[in-house]
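Engineer: Here it is, the structure in full.
Read-outs throughout are calculated quantities, based only on the coordinates presented, and are distinct from any laboratory measurement. Computed from a predicted structure; not experimentally measured. Ideal geometry is used to build each Cβ from the backbone, glycine not excepted, and the neighbour counts take in all protein chains shown.
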Amino acid sequence: MNPYSLLAQTTRERVSDGAIAPLLAGCDAASQVLVLIWSQLGDFDSLEYAWWIQRQAAQLQAAGIAVRAVGIGDRPSGQKFCDYTGFPSEHLFVDPNASLHQALGLYRGLSLKLPGLSPGQNSWLNLMLMCAGIGSPGTLAEVFRGYRGDRTAPQLIADDEEIQAFPLPPLKGSFFRWAGGRGFQRPFELATLRLRNMGEVLRHWKTYVPDAAYLTQRGATFLFDAQGELLYEHRDRAILGFAETMSNPLQFLQL
């Protein structure tokens, strides 16, 4: 089935009010529709992608692009996610068992099954292997990019912005000038944002991840025009591989 046809027929629980609603409700007047199929809401990829969406929210609105997202979790997961990231809760839907991901044929990640382990325990094992780059191409290189910096990527933390990433003390964005300058992604800048995300999820693990059986499930990005024609798609094949160009994940929109 064409992705738009499937998504247009999809209903899921909306985080804002708990209603079972059409995923694409309210998109009729949009010039384009950006649909984000996220992995577990406590996943690095989901949190980081939402950060980029919020960073460019004004440009998206000015371009008339409607954004809708579906993440793996339940309504409390979604509420915590929106509280933390600022992503609009009326535009986020939850799928507790990744059924939409499976209907779209998205990558489930490693699926090794060791006898005697529960589905959640097997998912943890597979997740650890994927974090080591097994069945997750490019993950380690992307982790290292977060530490070494990237002159092709924009500066991520404003000089006057303060960021708290436990166990580090509060850091001002100007601190990263000493690691290389300004106007681009400095060494340790992205790694600090990822550390902040990790701390958030670990403090509220049971809320973000009510069912660990879907930890390895990957997501996708779909962009449609006003007539439902597919303009762009990216199907994730790795942890920290949620975009074709990780240095600027929304580059394909040409905002």
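Engineer: For region 71-198, state the semi-axes of the equivalent ellipsoid (square roots of 5 times the eigenvalues of the alpha-carbon gyration tensor), sorted largest first and rounded to whole angstrom.
Structural biologist: So the three semi-axes of region 71-198 are 32, 20, 14 Å.
Engineer: Enumerate the amide H contacts of Phe188 below 5 Å, restricted to partners 5 or more residues apart or on another chain; note that Pro and chain-start residues carry no placed amide H.
Structural biologist: Residues meeting the amide H criterion: Tyr147, Arg148, Gly149.
Engineer: Let me make sure I get this right: for region 182-249, a, b and c are the square roots of the gyration tensor eigenvalues over alpha carbons, sorted descending. Under 1.5 in a/c it's rounded, otherwise prolate if a/b > b/c, else oblate. Which is it?
Structural biologist: oblate
Engineer: Considering just Cα atoms, how many Å³ per residue does the convex hull of region 1-66 enclose?
Structural biologist: 109
Engineer: A further question follows. Taking only DSSP H segments of four or more residues, each worth -39500 (n - 2.57), what value at 222 nm results for the chain once the sum is divided by all its residues, to the nearest 500 deg cm²/dmol?
Structural biologist: Calculated at 222 nm, the ellipticity per residue is -9000 deg cm²/dmol.
Engineer: For a quick check: with amide H placed at 1.01 Å from N, whose amide H comes under 5 Å from Tyr232's, ignoring anything fewer than 5 positions away on the same chain?
Structural biologist: Distant-sequence amide H within range of Tyr232: Leu223.
Engineer: For Lys206, give me every one of the lysines with a C-alpha distance below 29 angstrom, ignoring sequence neighbours fewer than eight places off in its own chain.
Structural biologist: Within the straight-line cut-off, Lys206 pairs with Lys80, Lys113.
Engineer: Label Glu90 and Leu114 with points 7 Å out from Cα along Cα→Cβ: what is the distance between them in nm?
Structural biologist: Label-label distance for Glu90 and Leu114, simple model: 4.8 nm.
Engineer: When you take every Cα atom in region 29-112, what is the radius of gyration, and what is Dmax, the widest Cα pair distance, in Å?
Structural biologist: My reading of the Cα-based Rg and Dmax gives 13.2, 45 Å.
Engineer: Taking the highest mean first, how do the peptides 5-11, 158-164 order by number of other beta carbon atoms within 10 angstrom per residue?
Structural biologist: 5-11, 158-164
Engineer: Then there is this: Among DSSP beta bridges whose residues both lie in region 7-115, state the antiparallel percentage, nearest 5.
Structural biologist: Percent antiparallel among DSSP bridges in region 7-115 is about 35.
Engineer: For region 129-233, take the convex hull of the Cα atoms, compute a quarter of its surface area, and give me that in nm², please.
Structural biologist: 9.7
Engineer: Additional query: With both bridge residues required to lie in the chain, what share of the DSSP beta bridges run antiparallel, to the nearest 5%?
Structural biologist: If we restrict to bridges inside the chain, about 65 percent are antiparallel.
Engineer: Please work out the C-alpha center-to-center distance from region 176-203 to region 215-255 and express it in whole Å.
Structural biologist: Between the Cα centres of region 176-203 and region 215-255 lies a distance of 23 Å.
Engineer: Using a Förster radius of 30 Å, what is the FRET efficiency between Asp159 and Gln102 based on their Cβ-Cβ separation? Nearest 0.05, please.
Structural biologist: Taking R0 as 30 Å, the efficiency between Asp159 and Gln102 is 0.10.
Engineer: Please get the size of the charge dipole for the chain, origin at its Cα centre, with Cβ charges of +1 on Lys and Arg and -1 on Asp and Glu, quoted in debye to the nearest 20.
Structural biologist: So the dipole magnitude of the chain works out to roughly 680 debye.
Engineer: Met198 to Met128: extension gain in nm, 0.36 nm per residue of separation minus the Cα-Cα distance?
Structural biologist: 23.7 nm
Engineer: Next question. Classify the chain from the C-alpha gyration tensor, please: rounded if a/c falls under 1.5, else prolate or oblate depending on whether a/b exceeds b/c.
Structural biologist: oblate
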